[in-house]
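Undergrad: Below you will find the structure I want to go over with you.
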Amino acid sequence: MTQRGWTVQQILRVTTEFLRDKGIESPRLCSEVLLSYQLKKSRVELYLEFDQPLRSSEIAGYRSLIKRRLKREPLQYITGHQEFWSLGFLVSPAVLIPRAETEILVEEAIKLKEGNLLGDSGQPKVLDLGTGSGAIAISLAKEIEGAAIWASDISFEALTVARDNAKHHNLNSRIEFCQGDLWQPFSSSPIAFDIIISNPPYIPSKAFQTLPPEVRDYEPRVALDGRENGMHFIERIIEESGIYLKSGGWLLIEMDPDQTEKALYLIDSTQSFGYKERLMDYRKKYRLIKAQKKNG
């Protein structure tokens, strides 16, 4: 490929074929997203400017982005952006890239509020445990008017990203960010939360090397590795959440489909919860558990 005479349409076609040959997933989408990022234009604008010739500096910059993707660096880390709940979020290798299936946690929390299942709380207290980029906490702050929201994470770097995202959405005054391992930030003075919501690490350690290189080599292991059987953090959250939930409060946890049945058993074993169920994701696989703490 020379650097002379390439139009938007031509370079997209050639790059798509090149990425396809290299086994890169969604090569056309990847080509468009990276060219949009390089040119600081929307993908729609690319199509409106298909015959626009590119400068040599633009082609050189685009090539450097393509090289990063060929090393299997996630598209979201290259652009520093990911959409979640129709909102834009800054992402970096310090945080897990928000996934579409995690939006189900947000949906269920909103349903609890809209269904008047949070008691008579005029200002429901919500904890996003292991917030990462802050996507869940920020989405809920947008959707649940008046909610008091806490967002915790063990990683200082992740909380820096989450705070930047909260500022970007003008919600930094609505969210209290806390650093510590799971319940550590709240152990000295427990807060009675109406909802505790979490997407914890749940990949078994032994399965880590089988993950796609985009995940294994780039996303933070601390946000993925659930240790033996992937249940370490899920077990801790279930066993101790009763201390931090108000009577009638709700627990929502995302996990692997194969972990949901054991999670329901653990919920029963705590004797803290009454109602419980597991819910499917958009691919009709069990993806999260929802449980309500007993009253009294």
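Values in this text are rule-based calculations from the coordinates and carry no lab data. Being a predicted model, the structure only gives us computed values, none of them experimental. When we count neighbours, we look across all protein chains shown, and the Cβ atoms used for this are built from the backbone with ideal geometry, even at glycine.
Undergrad: Nearest 5 is fine: what % of DSSP beta bridges in region 96-293 come out antiparallel, could you say?
TA: 35 percent
Undergrad: Could you pull out the trypsin sites (Lys or Arg not before Pro) across region 1-43 that fall in loop regions by DSSP (anything but H, G, I, E, B) with no more than 13 other Cβ atoms inside 10 Å?
TA: Loop-located and lightly packed - 4, 22, 40.
Undergrad: Sequence neighbours fewer than 8 away in the same chain don't count; with that in mind, list the lysines whose C-alpha is under 17 Å from residue 294.
TA: In chain and number order, the partners are 246, 276.
Undergrad: Additional query: Would you mind checking the tilt of helix 27-39 against the longest principal axis of the Cα atoms of the chain, expressed as 0 to 90 degrees and rounded to 10?
TA: Roughly 80 degrees between the two axes.
Undergrad: For the chain, find the longest principal axis of its Cα atoms and tell me its angle to the long axis of helix 8-21, 0 to 90°, nearest 10.
TA: Helix 8-21 sits at roughly 60 degrees to that axis.
Undergrad: Tell me, what is the percent relative contact order of region 8-71, built from C-alpha pairs under 8 Å that lie six or more residues apart?
TA: With pairs under 8 Å counted, the relative contact order is 39 percent.
Undergrad: Would you mind counting up the charge near residue 216? Only other residues with Cβ under 14 Å from its Cβ, with Lys and Arg at +1 and Asp and Glu at -1.
TA: -1
Undergrad: Among 142/290; 41/71; 41/167; 41/285, which pairs are too far apart, with a Cα-Cα distance over 27 Å?
TA: Correct reply: 41/285.
Undergrad: Then there is this: Given the DSSP H assignment, sum -39500 (n - 2.57) over each helix run of at least 4 residues in the chain and divide by its residue total; what's the result at 222 nm in deg cm²/dmol, nearest 500?
TA: That comes out to -11500 deg cm²/dmol.
Undergrad: When Lys and Arg each count +1 and Asp and Glu each count -1, what net charge do the other residues less than 10 Å away from residue 143, Cβ to Cβ, add up to?
TA: -1
Undergrad: If amide H atoms are built 1.01 Å from N in the plane of the peptide, which residues on other chains or at least 5 residues away come under 5 Å of the amide H of residue 226?
TA: 202, 203, 205
Undergrad: Select one label from (1) 25.1, 75; (2) 28.0, 84; (3) 21.5, 74: the one whose number is Rg and Dmax of the Cα atoms in Å as derived from the coordinates shown.
TA: Working out Rg and Dmax of the Cα atoms in Å from the coordinates points to (3).
Undergrad: Using DSSP to call loops (not H, G, I, E or B), can you name the GluC sites (Glu not before Pro) in region 145-248 whose Cβ has at most 12 other Cβ atoms within 10 angstrom?
TA: 145
Undergrad: Which listed residue (76, 224, 255) has the Cα farthest towards the positive end of the charge dipole for the chain, taking +1 on Lys and Arg C-beta and -1 on Asp and Glu C-beta about the Cα centre?
TA: Going by the charge dipole, the pick is 76.
Undergrad: Considering only C-alpha atoms, what is the centroid distance from region 11-75 to region 128-146, in Å?
TA: 32 Å
Undergrad: Okay, moving on. Where is the GNM fluctuation largest for the chain (alpha-carbon springs, 10 angstrom cutoff): 273, 50, 156?
TA: Judging by the Gaussian network model, the answer is 50.
Undergrad: Further, regarding this structure: For residue 193, list long-range residues whose amide hydrogen, built 1.01 Å from N in the peptide plane, is under 5 Å from its own amide hydrogen.
TA: 245, 246
Undergrad: Pairs of alpha-carbon atoms within less than 8 angstrom and 6+ residues apart define the contacts here; what relative contact order does region 96-293 have, in percent?
TA: Value for region 96-293: 19 percent.
Undergrad: Most exposed first by the Cβ proxy, i.e. fewest other Cβ within 10 Å, how do 252, 90, 48 rank?
TA: 48, 90, 252
Undergrad: Right, another one. Compare the Cα positions of 279, 179, 207 along the charge dipole of the chain (+1 at Cβ of Lys, Arg; -1 at Cβ of Asp, Glu; about the Cα centre) and return the one farthest towards the positive end.
TA: The Cα lying farthest towards the positive end belongs to 207.
Undergrad: With springs only between Cα atoms under 10 Å apart, run a GNM on the chain and tell me which of 38, 82, 179 wobbles the most.
TA: Checking each option, the largest mean-square fluctuation is seen for 38.
Undergrad: What is the order of 110, 253, 136, 24, fewest Cβ neighbours within 10 Å to most?
TA: Fewest-to-most Cβ neighbours within 10 Å comes out as 110, 24, 253, 136.
Undergrad: If you plug each phi of region 58-66 into the Karplus form 6.51 cos²θ - 1.76 cosθ + 1.60 with θ = phi - 60°, what whole-Hz ³J(HN,Hα) values come out, in order, with x for Gly and Pro?
TA: Going residue by residue, I get 5, 5, 5, x, 5, 4, 5, 5, 4 Hz, with x marking Gly and Pro.
Undergrad: Can you sort 30, 178 from fewest to most other Cβ atoms within 10 Å of each residue's own Cβ?
TA: 178, 30
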